[in-house]
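What follows is a short report on a single structure.
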Amino acid sequence: MNEKNKYNKADVLIVGAGPAGLACAIHLKKKNPRLDICLIEKAADLGNHNLSGAVLEPEPLHTLLDEACPQWKNTDQAKEILAQKVQKDNIMFCLGKKISFNISFVIKLAKILHLGFGQMLHKDDYIVSVSELTKWLGSIARNLDIELLTGFAAEDVFLDNQNGSVVSVKLVDQGLDKKGEKQPNYIPGEKIHADFIVLAEGCDGLVTESFIEKAKLQRKSPQLYSVGVKELIKVSQSQYEKFTSSRVVHAMGYPLWRPLIGPAMFGGGIIYPARKNHIAVGIIVGADWIYKDFNPQDALTLFKNHSFVGKFIRNGSVVEAGAKMIPEAGLYAVPNDPKTGTIGKANCIITGDSAGFVNMLKIKGLHNAIYSGIYAADAIAENINSPQFTALRYTELIKKSKLYEEMLSAANFRQTVAKFGPLIGLPLSAIADLLPRFKVEQDTKSMTAAEYKLKPNQQFDKDTFAAMADTQHREEQPSHLKILDTEICKQKCTPIYDSPCITFCPAEVYEIIRNEVKPANPSNCLHCKTCQIKCPLDNIRWTAPEGAGGPRYKRM
Ligand code: SF4
Ligand code: SF4
């Protein structure tokens with residue numbers, strides 16, 4: 001890219017510098033060093049908006065880096081990031097506050113019997129911080145001369161009316177005041193033009209969803225989401241040694257699900273060790289919960305207090321916290337062109353979590369994000385002179401891949417549990433691929449007036465949680481959270497559901513001010529997008545704030 005048109009034209013524009021976008025950029029640059037590849041990322045710095053479990057299957061990383069950066073395994077960064085290999089893999093079932101069973105043998109048996117659940121084993125994978133992994137991949141990309149622009153938030157795509165190709169992506173305007181008036185520092189959002197566009201924004205991406213609508217892509221099943229909340233806790237050396245640095249724990253049951261007596265939610269707890277006496281504890285819960293007063297952070301509190309978990313973290317101090325959503329409806333929710341089946345259209349392709357390449361039987365999507373970035377790069381490299389065939393080639397490559405094979409094996413899993421609930425749905429999902437595809441509703445429609453029976457007495461300290469995510473936005477800008485119709489809140493939501501956005505938002509963004517629900521503290525927002533998915537009347541829209549706003553995760 002020459003200096004003159006540095007920020008408004010690239011050969012390839014990648015929206016989102018997470019693992020999928022960076023994998024695409026690195027692989028493509030290696031294949032065709034002459035291409036101008038530009039990545040734009042809304043976070044202030046790489047990795048700031050990347051939060052996940054995360055257990056990483058190493059194969060895609062080898063596929064990506066053995067070619068692009070042959071010495072990678074010998075670098076200090078690689079050794080540090082991949083320092084923790086999973087040696088012990090516990091799947092627990094928690095029954096009430098004190099009792100838990102290790103049910104790993106059931107999963108091992110499922111593996112022997114080739115049942116879907118057998119995929120849930122993680123031995124020999126790596127326990128990584130996605131934030132650190134992203135920073136590292138970013139440094140490799142920069143060394144390859146890839147243009148990586150952080151603090152650039154995108155809000156929309158523009159299509160060519162004639163052939164349906166995407167011609168440009170528009171960035172967010174900067175320098176508006178709270179009322180939307182232009183200030184002296186106003187900079188209109190540029191349109192960046194490119195021959196190829198790769199959407200790698202992560203879950204429920206703003207640009208991706210706009211593209212899906214404009215290009216008339218469809219999903220066979222609505223996307224279903226989970227909400228994950230996580231804390232990184234500094235513990236004593238003896239607690240850390242007791243847990244070990246090579247064990248991962250996934251827990252089902254309490255406090256999300258108690259068979260027969262309720263509650264009955266999909267999801268569970270995770271405990272992963274980080275380096276140097278730190279342990280990450282989190283709760284991931286299906287966003288189709290029905291309880292109007294449920295807040296995933298309350299479940300996190302209960303999980304942390306469970307006797308199995310508590311012994312590893314008691315008296316520890318939380319050093320970082322965060323929240324995010326996970327797309328988990330699987331293959332049937334991958335958006336595609338109803339006529340051609342392409343995952344994207346013409347010169348624009350959708351990768352990683354934006355496409356929904358998460359395999360909930362493995363509780364993982366990171367490996368698929370990297371793989372999809374690699375296939376996106378291959379498809380572009382093969383179509384340099386015919387960009388309009390890129391989505392077609394990308395889809396062919398995906399369909400021939402291991403990624404597709406495993407997505408297919410898990411295709412009906414989440415829908416089966418959503419349809420029948422955990423008690424019947426989980427065992428039934430063992431034969432989900434023999435069952436018809438079940439029709440499920442969007443998460444936004446699931447809420448009822450029922451109450452969560454296990455609600456803790458104490459209110460969760462959301463202010464501290466948001467502070468631990470180190471979230472920041474320029475205060476004097478329009479709120480990026482829009483309530484479409486406050487009368488709906490007053491007339492329909494508050495009387496039945498008690499304004500649940502106030503309860504479930506993990507950062508206390510929503511408040512009642514003079515009898516009206518408002519996104520009163522948008523600068524606290526963690527960009528988790530739970531509110532957009534979970535408002536029972538679909539009355540909230542998350543729009544992109546100015547670039548560089550949002551959480552600043554470092555080790556999540
Ligand atoms: Fe209810 Fe949504 Fe209004 Fe919040 S914004 S009060 S959840 S309708
Ligand atoms: Fe998440 Fe919405 Fe709250 Fe922001 S306002 S933290 S996106 S729930």
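Brief remarks follow.
- Mean shadow area of the range 139-246 over all directions, Cα convex hull, nm²: 13.5 nm²
- Pairs from the list K216/K534; K324/K518; K234/K402; K362/K492 with a Cα-Cα gap above 30 Å: K234/K402; K362/K492.
- Note on the range 462-542: Cα convex hull, mean projected area over all directions, 5.0 nm².
- Calculated P(r) tail over 25 Å for the range 394-499, as whole % of Cα pairs: 58 percent
- Heavy atoms of K276: accessible area, 1.4 Å probe, square angstrom to 10: 150 Å²
- Partner aspartates and glutamates for K9 [C-alpha distance under 20 Å; skip if fewer than 8 residues away on the same chain]: D36, E41, D145, E147, E155, D156, D160, D173, E190, D195, E201
- A viscosity of 0.692 mPa s and a temperature of 37 °C, combined with the Kirkwood radius over C-alpha pairs in the Stokes-Einstein formula, give the chain a diffusion coefficient of 139 µm²/s.
- Cα-based reach from K482 at 12 Å (exclusive), listing aspartates and glutamates while leaving out same-chain residues under 8 positions away: D538
- The range 237-310 - Debye-derived log10 I(q)/I(0), Cα point model, q = 0.14, 0.15, 0.21 Å⁻¹: -0.47, -0.53, -0.89
- Size of electric dipole in the chain: Cβ of Lys, Arg +1 and of Asp, Glu -1, about Cα centre, debye, nearest 20: 1420 debye
- Computed on protein heavy atoms with a 1.4 Å probe, the accessible areas place L65, L537 in the order L537, L65, largest first.
- Considering only the chain, percent of DSSP beta bridges that pair antiparallel, nearest 5: 70 percent
- Ranked by the mean number of other Cβ atoms within 10 Å of their residues, highest first, the peptides 174-181, 310-317 come out as 310-317, 174-181.
- Projecting the Cα atoms of S238, P263, L224 onto the charge dipole of the range 203-287, computed from C-beta unit charges around the Cα centre, puts S238 farthest toward the positive end.
- Remark: the range 87-183 carries 51 Å² of accessible area per residue (probe radius 1.4 Å; ligands, DNA and RNA excluded).
- Projection of the Cα convex hull of the range 58-125, averaged over all directions and equal to a quarter of that hull's surface, yields 6.7 nm².
- Of the trypsin sites (Lys or Arg not before Pro) found in the range 371-401, the ones in coil according to DSSP and having at most 13 other Cβ atoms within 10 Å of their Cβ are K400.
- Across the accessible surface of the range 462-542, with the other protein chains kept in place and a 1.4 Å probe, carbon and sulfur atoms take up 49 percent.
- For T503, solvent-accessible area (1.4 Å; no DNA, RNA or ligand), Å²: 40 Å²
- In Å², nearest 10: area of H278 left accessible to a 1.4 Å probe: 20 Å²
- Rounded to the nearest 500, the helix-only mean residue ellipticity at 222 nm of the chain stands at -8000 deg cm²/dmol, with each DSSP H run of n ≥ 4 adding -39,500 (n - 2.57).
- Among P184, T471, F438 - extreme Cα towards positive end, dipole of the chain, charges at beta-carbon: F438
- When each full DSSP H helix of the chain is screened for a Cα extent of at least 15 Å along its own axis and an average Kyte-Doolittle hydropathy of at least 0.0, the helices passing are 19-31, 366-382.
- Local charge for L121 was computed over the other residues whose Cβ lies under 10 Å away, with Lys and Arg +1 and Asp and Glu -1, and equals +1.
- Of K292/K419; K98/K242; K364/K453; K191/K364, those spanning more than 26 Å from alpha-carbon to alpha-carbon: K364/K453; K191/K364
- When the trypsin sites (Lys or Arg not before Pro) in the range 471-502 are filtered for DSSP coil states and for at most 16 other beta-carbon atoms within 10 Å of their beta-carbon, the remaining sites are R474.
The values are calculated or read from the model by the stated rules, or taken from the named source; none is laboratory data. Just so it is clear, the model here is predicted, and its values are computed rather than measured. Please note: Cβ atoms are built from the backbone with ideal geometry, for glycine as well, and neighbour counts cover all protein chains shown. Surface accessibility is based on the protein's heavy atoms, side chains included, excluding ligands, DNA and RNA. Shrake-Rupley method; radii C 1.70, N 1.55, O 1.52, S 1.80 Å.
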